Structures are given as C-alpha cells and as structure tokens.
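For reference, the structure discussed in these notes is given below.
The values are calculated or read from the model by the stated rules, or taken from the named source; none is laboratory data. Keep in mind that what you see is a predicted model, and the values were worked out from it rather than measured. All Cβ positions, even for glycine, are placed from backbone atoms using ideal geometry, and neighbour counts span all protein chains on display. Side chains included, ligands, DNA and RNA excluded: accessible areas come from the protein's heavy atoms. Shrake-Rupley method; radii C 1.70, N 1.55, O 1.52, S 1.80 Å.
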Amino acid sequence: MISNKKLKELLEKNQILDTQKLDEADKEAKNNQQDLFNYLLEKGLISADILYGQIASFYNMPLIDLKNENIRKDILFLIPEPIAQTHEIIAFNQTDDKVKVATTDPTDLQTIEFIKKKIQAELELYLTTPESIQEALKQYHQSLEAEFENLADHKTNKELPEKDLKQLAQDLPIIRVVDTLLEYAIFENASDVHIEPAENNVLIRYRIDGILHYVMTLPKNLQSGLVARIKVLANLKLDEHRLPQDGRFKITTPQYKISFRVSIIPIFDGEKVVMRLLSESNKTLDLPELGLQKEPFEIVNSNIKKPHGIILVTGPTGSGKTTTLYTMMNKLNNQEVNIATVEDPIEYRMPRINQSQINPKIDFTFAKGLRAILRQDPDIIMVGEIRDKETAEIAINAAMTGHLVLSTLHTNNAASTPQRLINMGIQPFLISSTTNLIIAQRLVRKICKDCIISYNLNKETINQLAKYLDIKNVLQFLIKGGLVSNIKPSLDSILFYKGKGCKQCSKTGYKGRIGIYEILEITPAIADLINKEAPTDQIHAAALANNMITLMQDGFMKAVKAITSVEEVLRVSQE
C-alpha cells in the first residue's frame with residue numbers, strides 16, 4: 001500500500017513514533033519479511049485508526065468509519081459480496097454522478113478499475129480500516145436474509161412443478177446471487193464453479209489455478225432457485241431431478257466472452273452443479289509462453305514441422321494437455337494446410353480449423369470421427385484423446401500414410417507412454433516407427449509477483465525432499481544449467497522463492513499457472529528399446545543419457561528462477 005521508506009518519513013514527520021522505535025520496527029519487519037505497515041499493526045505499536053488516518057492524509061483521501069453507516073441495499077449490491085470481502089472494498093453511498101466507495105487499499109487498482117467498469121460510474125474513493133469493512137459486510141447478510149424470507153419456503157427437498165421452478169428462477173434475489181457467483185468467478189479467473197448442496201446449507205467453491213477454494217455458504221432454501229436459474233440459463237429440463245444433465249451458455253460483455261459448460265448430477269442432498277469456464281476471448285499462447293525452456297522448445301518446434309508422424313501429450317486430467325495441442329495447432333494453422341479435429345468437448349473455437357464434437361449417445365466416437373475426417377483430405381489431425389485400441393490403430397495408420405497426428409494419452413511420464421500403447425494391443429514396431437515426440441507435462445502455480453519473498457530451505461525441509469528426489473542429481477543439473485555456482489553448492493545455500501499472500505492473489509501467494517515439461521524425442525536408440533519392449537526405466541535412462549530434462553528438473557529450474565515454488569513442483573510431480 002505504501003513503501004516502508006515513505007511510511008517511516010510520514011510517521012517521523014507527524015511524530016507518531018520516535019525514530020529509534022521506528023528503526024527497530026523496520027529492522028524487525030525486514031527480518032520477518034513483512035511490510036512495516038502490517039508489522040506495526042500486528043504488534044500493536046500504532047492503532048489502526050491512527051495508522052489509516054496517516055495513510056489517508058498521504059493519499060489525500062477522506063477517512064470513513066462504516067460501523068454505524070446504514071447502506072442502502074441497491075448501493076451495497078453494486079459490488080458483489082465475494083469481491084467486497086476478498087478485496088475489502090464496499091460501495092456505501094451515491095450522488096448524481098458518483099458512487100462513494102470505501103477501501104482499505106487505494107493501490108488495488110485492478111479491483112477499482114473492475115468495479116468502475118462494472119457499475120459504469122465514476123468512483124469517489126474513501127479510506128477505511130479492515131474492522132470498519134467487516135462491520136459493513138454484515139449488511140450483505142442482513143439484506144439477503146430479508147429477501148430470502150420473501151421466497152417460497154423450499155427448505156425441504158420436495159420436487160416442485162415446472163411452472164413454480166420457472167417462477168423461482170426469475171426471483172430477483174436468485175438472479176442476483178447467480179450473477180454474483182458467475183461474475184466473481186470470471187474476476188478471479190476460476191476454471192470451475194462448484195455448487196454443492198449439504199444437509200443444512202449450500203457450499204460454493206471455485207477452482208482457481210488448479211486448487212479448490214471455499215467462497216461462501218448460502219442458505220438451504222436457496223438451493224432449488226439456484227439450480228433452477230442455472231438450468232434456465234443452460235436450457236436444461238427444469239423438472240428433471242433424478243438424471244444427470246449437461247448444457248452450456250455464454251456471457252458476453254465488452255470486456256470478456258465466457259462460455260460456461262454446465263454439469264448437473266443428483267446427489268444425496270439435492271443436485272450438485274459444476275460449471276467449467278472457458279474464455280473465448282483468450283489470446284492464443286505461443287509455446288515459450290506455456291513454459292517450454294529454450295532447448296525443449298527447439299525440439300518441439302522441429303518436430304511439429306515434420307509432415308507426418310505422431311506427437312503425444314501426456315499427463316493427468318487438468319495438466320494443460322489440450323492447451324498445448326491448441327497452441328501447436330495455432331502455430332501450424334495457415335491457408336496451405338487442412339487441419340481437422342475430433343474432440344470431447346470442443347473447448348475453444350479456432351478459425352480455419354474443422355472441429356468435430358464426439359457424441360457417444362449416437363455412437364459418434366473418437367474412432368468413428370477419426371475415420372470420417374481421414375476422408376476429408378486432412379494434412380494435420382488432432383484427436384482429443386486416444387482411449388482405446390481402435391482409435392490408436394487408426395491414428396497410427398494416419399501417421400503412416402502421410403498425416404501429422406496430435407493427440408493426448410493418460411500416463412504419468414513420457415517414458416511410460418510406449419508401454420501404455422503396447423498394453424492397448426499396438427505392435428511395438430508401429431509405435432517406434434510412427435511416434436516422433438512424447439511430451440509429459442504438469443501445471444504449477446506461479447508465484448504472485450506482488451508478494452514474492454526469497455528464502456533458504458532448512459535442514460528439515462531438505463530431509464523431506466530427500467525422500468522424493470535425488471538431491472545430488474538436482475544440484476548437478478542446476479550447476480550444469482548455470483543456475484547455481486559450482487563452488488561446493490548445497491541445497492540450503494540456494495535462494496528459493498514463495499509468495500507470502502496479498503490481496504492481488506487472494507492471499508494464496510500464487511497467481512496464474514505455467515507448465516513444467518518432459519520432452520522425449522524418439523531417437524533411433526529409443527526406437528530400438530521400444531521394439532524390444534524394454535521396461536519404462538530403461539527407456540527413461542536412455543532419454544536421460546540423451547539430455548532429456550525431467551519434470552522435476554524443469555520444475556526446479558523454474559523454482560530457482562522465481563517462477564514457482566519448490567512446494568508446487570513437489571505437489572504436481574510426485575507419482
């Protein structure tokens with residue numbers, strides 16, 4: 001919010017704390033890797049009212065106490081409750097041309113700009129304390145509870161007639177809650193929204209950067225209305241409560257275009273809703289932006305230029321495989337080639353690419369779709385996933401007859417992929433002769449740049465790490481890559497990084513994700529091992545001898561470069 005230097009000057013100038021005490025506090029804050037502002041509050045050296053008063057005068061802003069402020073409902077709800085709570089910002093009054101907004105952090109420009117665009121009005125900013133914000137936040141619950149009392153009583157899980165559900169889905173409180181959930185999910189870059197009915201309430205969670213986060217708990221009597229509203233948006237059957245349903249809808253504004261893929265399934269306490277968010281306005285990434293380092297990028301780049309063969313991307317669900325395939329297709333996409341895909345589902349629309357959605361209900365499978373697009377004169381084929389022998393055989397035949405085939409497979413690492421195909425019933429010589437490249441990947445969360453701090457690993461952590469990785473091997477790799485000095489390095493002498501948590505990253509210490517990769521090129525030596533049905537560890541050893549960078553090594557390179565943390569690398573790469 002304010003630099004340590006400026007804050008010291010301000011407090012000294014106004015004689016709030018003497019110089020000696022300030023110097024001691026500043027030194028202790030640095031030792032604890034804290035801001036001086038937070039340290040002074042935490043230790044009670046200055047009261048919040050006095051400290052925020054000083055900050056208000058520094059920014060030339062009025063200071064307001066919201067504890068006894070009765071905020072009009074229509075003004076309060078201009079800012080959705082989750083945003084008000086996470087970012088400590090509240091709308092409390094309104095004039096003809098401005099909305100008065102109180103915040104604890106006038107430097108949180110991203111949130112301020114978002115609110116300005118959302119309510120399409122100029123903001124008059126006031127500074128307030130966290131305690132004042134917490135008091136004002138209670139008014140959200142009081143307002144919502146008053147409105148919910150006016151809704152029909154749906155505390156029991158009785159099934160309502162369709163016309164009643166339609167009416168319920170159009171109630172303003174229900175519309176407001178659903179709009180808030182969707183808007184906040186977009187603002188926080190969530191990939192999924194989970195609406196989970198429990199015995200006495202409804203739990204809302206978002207998946208942000210691959211991790212589920214609790215957002216809020218809603219009253220049980222909202223359950224029927226929430227589900228009905230989402231069914232209306234996704235054009236699903238309102239009176240079907242016993243069978244799973246799938247649908248989708250879009251939200252388009254000048255700022256974003258988001259497609260929501262909706263899945264509803266009956267569980268013991270009602271119907272659970274999961275919505276997957278897919279941004280249709282995202283710019284397509286380039287391979288280096290995904291996280292490919294220089295040498296792996298050059299290997300991938302040379303292989304996607306080959307006119308035929310198979311490139312396989314492997315990893316668990318949610319590891320970014322589809323994004324990697326789309327990025328490759330974007331690089332290959334020009335007017336001289338015909339690119340066709342068979343996907344489940346089509347996640348992003350791409351110009352000039354012929355995308356087909358499989359539909360098992362009518363027996364339109366990956367194998368049938370792949371057979372059909374081979375009659376469409378394709379140069380490049382993307383198969384969403386190789387799930388069975390039939391699909392694998394057709395993909396291999398396509399590669400053998402002059403097509404470049406891109407696909408995904410579920411394996412833990414690159415070296416185990418040939419064995420997975422052999423287990424499906426594919427002949428080893430067909431795998432070795434058609435496969436050009438195997439990419440194993442994971443997604444790690446990136447450290448938030450607004451609250452990054454450096455630290456050294458302690459002995460206890462290093463002992464824990466030794467259970468999962470060969471520390472000597474990691475050190476040699478980092479020395480070879482020029483990332484650490486080769487003068488007697490040890491893991492406790494290397495600087496690593498983490499985020500301490502701030503408003504910009506919702507106090508998680510992370511913001512955004514990036515890939516870590518393992519690139520296995522099928523050289524003559526690797527092909528020979530595949531033909532002999534060599535075990536996975538032999539293929540892995542041969543790849544290492546050929547300078548393959550493993551997932552763990554790539555992760556540690558990114559940890560030393562302050563892109564991600566050691567904890568993240570271990571979290572995603574442990575098998």
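Of everything in region 192-227 that is among the acidic types (Asp, Glu) and open to solvent by 20 Å² or more (accessible area, probe 1.4 Å), the residue that is modelled with the highest pLDDT is Glu196.
Could you tell me whether any residue of region 516-525 is in a strand (DSSP E or B), touching a residue at least 12 places away in the same chain (Cβ under 8 Å), open to solvent by less than 30 Å² (accessible area, probe 1.4 Å) and in contact with a Gly (Cβ under 7 Å, 6 or more places away or on another chain)? Yes; the residues of region 516-525 include at least one that is in a strand (DSSP E or B), touching a residue at least 12 places away in the same chain (Cβ under 8 Å), open to solvent by less than 30 Å² (accessible area, probe 1.4 Å) and in contact with a Gly (Cβ under 7 Å, 6 or more places away or on another chain). Screening the candidates Val342, Val274, Val337 for the property of being open to solvent by less than 10 Å² (accessible area, probe 1.4 Å) and either at pLDDT 95 or above or more than 22 Å from Met400 (Cα to Cα) (or both) yields one hit, Val342.
Val273 passes every criterion in (1) more than 17 Å from Ile519 (Cβ to Cβ); (2) over 16 Å from the mean Cα position of the chain (by Cα); (3) free of Cβ contacts under 8 Å to residues at least 24 places away in the same chain apart from (3). Filtering Leu430, Leu469 for residues that are aliphatic (A, V, I, L, M), in contact (Cβ under 8 Å) with a residue 12 or more places away in the chain and open to solvent by 30 Å² or more (accessible area, probe 1.4 Å) leaves a single hit, Leu430. When the residues of region 367-403 are filtered to those that are charged (D, E, K, R) and assigned to a helix (DSSP H, G or I), the one that is farthest from Gly320 (Cα to Cα) is Arg375. Might you check whether a residue that is open to solvent by 10 Å² or more (accessible area, probe 1.4 Å), within 30 Å of Met552 (Cα to Cα) and free of Cβ contacts under 8 Å to residues at least 12 places away in the same chain occurs anywhere in region 371-380? Looking through region 371-380, none of the residues is open to solvent by 10 Å² or more (accessible area, probe 1.4 Å), within 30 Å of Met552 (Cα to Cα) and free of Cβ contacts under 8 Å to residues at least 12 places away in the same chain. Remark: pairs (first residue in region 246-264, closer than 21 Å to Lys118 by Cα; second residue part of a strand (DSSP E or B) and open to solvent by 80 Å² or more (accessible area, probe 1.4 Å); Cβ separation under 6 Å; 6+ apart in sequence or on different chains) = Ser259/Lys250. Taken over region 317-335, the residue count meeting the criterion of being in a loop (DSSP other than H, G, I, E, B) and out of contact with any helix residue (DSSP H, G or I) (no Cβ under 9 Å at 6 or more places or on another chain) is 5. When Ile46, Ile79, Ile83, Ile115 are checked against the criterion of being more than 35 Å from the chain's Cα centre (by Cα) and either aromatic (Phe, Trp, Tyr) or surrounded by 16 or more Cβ atoms within 10 Å (Cβ to Cβ) (or both), a single residue qualifies: Ile46.
Taking region 89-111 as the range and being among the acidic types (Asp, Glu) and either open to solvent by 40 Å² or more (accessible area, probe 1.4 Å) or at positive phi (or both) as the test, the residues that pass are Asp96, Asp97. For region 526-548, a residue qualifies if it is among the small types (Gly, Ala, Ser), over 21 Å from Leu287 (Cβ atoms) and either part of a helix (DSSP H, G or I) or at pLDDT below 95 (or both), and the qualifying residues are Ala527, Ala541, Ala542, Ala545.
Taken as a whole, the condition of being in contact (Cβ under 8 Å) with a residue 12 or more places away in the chain, closer than 30 Å to Gln245 by Cβ and crowded, with 18+ Cβ neighbours inside 10 Å applies to Ile386. Applying the criterion of being buried (at least 21 other Cβ atoms within 10 Å of the Cβ) and of a type outside the set (A, V, I, L, M, F, W, C) to the residues of region 443-457, the residue that is nearest to Gly320 (Cα to Cα) is Arg445.
Only one of the listed residues (Ile55, Ile75) is of a type in the set (Val, Ile, Thr), in contact (Cβ under 8 Å) with a residue 60 or more places away in the chain and out of contact with any helix residue (DSSP H, G or I) (no Cβ under 6 Å at 6 or more places or on another chain). That residue is Ile55.
Would you say Gln245 is over 24 Å from the mean Cα position of the chain (by Cα) and at pLDDT 95 or above? Answer is yes for this residue. Output the residues belonging to region 345-356 that are open to solvent by 70 Å² or more (accessible area, probe 1.4 Å) and outside any loop (DSSP other than H, G, I, E, B). Selection gives Asn354 alone.
Looking across region 118-133 at every residue that is modelled with pLDDT under 90 and open to solvent by 50 Å² or more (accessible area, probe 1.4 Å), the one that is farthest from the chain's Cα centre (by Cα) is identified as Gln120. Just one of the numbered conditions (1) open to solvent by less than 20 Å² (accessible area, probe 1.4 Å); (2) over 24 Å from Gly499 (Cα atoms); (3) among the hydrophobic types (A, V, I, L, M, F, W, C); (4) in contact (Cβ under 8 Å) with a residue 24 or more places away in the chain is not true of Leu22: (4).
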